[in-house]
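Q: A single structure is presented below for examination.
The values are calculated or read from the model by the stated rules, or taken from the named source; none is laboratory data. The shown structure was predicted, so the numbers you read here are calculated from the model rather than taken from an experiment. FYI the Cβ positions are ideal-geometry reconstructions off the backbone, even for glycines, and counts take in every protein chain you see.
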Amino acid sequence: MNGSANANGRANVEQALARLNFKPRELERGHVWLAGAGPGDPGCLTLEVLAALGQCDALVYDALVSPDVVAVAQGAELFYAGKRGGQPSMKQDDINALLVRLAHEGRRVVRLKGGDPYIFGRGGEEALALAREAIPFRVLSGLTSGLSALAATSIPATMRGINKAVILATGHAAGTDDDIDWAAIAHTGQPVVVYMGMANLPVIAAKLLSGGLAPSTPAAVIVAATTPQERIVVATLATIADEAAAAGLASPALIVVGGIVAMRAALGGDA
């Protein structure tokens, strides 16, 4: 019975795709497409990115891209770029040079990143490197992890009566001279979603508190959203660093601070 149901499900999907009349563009030799793989679940891939993976003969991919998604590029030469916090990775200049070289060799290149290339993915830097070399490129958007993780864990990014904006920020430089103004973010009263901030979570929480956010402000850490390894810890801004450490949470993770986190319980996310 299950086999029959699965077969029917696949047939329904194929029929739906046929009705959509999607006509993918051709990935030409010497072109580079900068693509977003979404937050992790292969179901979050866009049709354009799926089509690109089916055409490329060179795939430059990040650590956060799941093996199932990489496997779609069957027959492509694989180039692992790393890009996971605290682990060995190619330097950005070397990645840029690799993309340029592969394009000059006449390859059909896809540069695949977790989330969206233009949201803390350095896609802009890679696009600029290609533009300077007059290499044709496209950017294929992906579902950004900062919003998809919220949806996956029953936290609405916006909620009438709670917020009128949502702030996406990087926590990579927290506590350094290159840090952003956390007090200014706190003063907005709007929720903030922090990428690449796990190592600096105590610093970020302290700066938001000193900026005026109440210790009772709801906060959460979401790890590996949309994947089988997904985990979430919900606490308050005053306790989130300790709670996350006690739970053994580590990157890749997103930090969410604001009233929207409290909606998780109301929507059954804690059940």
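Q: Can you tell me which condition Ile162 does not meet? The list is (1) in contact (Cβ under 8 Å) with a residue 24 or more places away in the chain; (2) of a type in the set (Val, Ile, Thr); (3) under 23 Å from Leu64 (Cβ atoms); (4) not in a helix (DSSP H, G or I), and all the others hold.
A: (3)
Q: Let me ask something additional. Out of the residues in the range 128-178 that are β-branched (Val, Ile, Thr) and more than 18 Å from the chain's Cα centre (by Cα), state the one that is surrounded by the fewest Cβ atoms within 10 Å (Cβ to Cβ).
A: Thr176
Q: Now, a different point. Quick check: anything in the range 90-112 over 24 Å from Ser251 (Cα atoms), in a strand (DSSP E or B) and touching a residue at least 40 places away in the same chain (Cβ under 8 Å)?
A: Yes - at least one qualifying residue is present in the range 90-112.
Q: I need the full set of residues from the range 225-246 which are surrounded by 20 or more Cβ atoms within 10 Å (Cβ to Cβ), among the hydrophobic types (A, V, I, L, M, F, W, C) and outside any strand (DSSP E or B), in order please.
A: Passing the criteria: Ala225, Leu237, Ile240, Ala241, Ala244.
Q: Can I ask one more? When both residues are 6+ apart or on different chains and their Cβ atoms are under 7 Å apart, which pairs have a first residue that lies in the range 243-271 and is closer than 15 Å to Met196 by Cα, and a second that is at pLDDT 95 or above and of a type in the set (S, T, N, Q)?
A: Val257/Thr217
Q: While we're on this one: Looking at Leu254, Leu249, Leu213, which one is part of a loop (DSSP other than H, G, I, E, B) and surrounded by 22 or more Cβ atoms within 10 Å (Cβ to Cβ)?
A: Leu213
Conditions tested, residue by residue: (1) of a type in the set (S, T, N, Q); (2) part of a loop (DSSP other than H, G, I, E, B); (3) out of contact with any Lys or Arg (no Cβ under 8 Å at 6 or more places or on another chain).
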residue: Ser148; (1), (2), (3): yes, no, yes
residue: Ala151; (1), (2), (3): no, no, yes
residue: Ala157; (1), (2), (3): no, yes, yes
residue: Ile185; (1), (2), (3): no, no, yes
residue: Asn200; (1), (2), (3): yes, no, yes
residue: Ala206; (1), (2), (3): no, no, yes
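Q: Condition (residue is at pLDDT 95 or above, closer than 20 Å to Leu143 by Cα and within 22 Å of the chain's Cα centre (by Cα)) applied to the range 184-192: is it met by at least one residue?
A: Scanning the range 184-192 turns up at least one residue that is at pLDDT 95 or above, closer than 20 Å to Leu143 by Cα and within 22 Å of the chain's Cα centre (by Cα).
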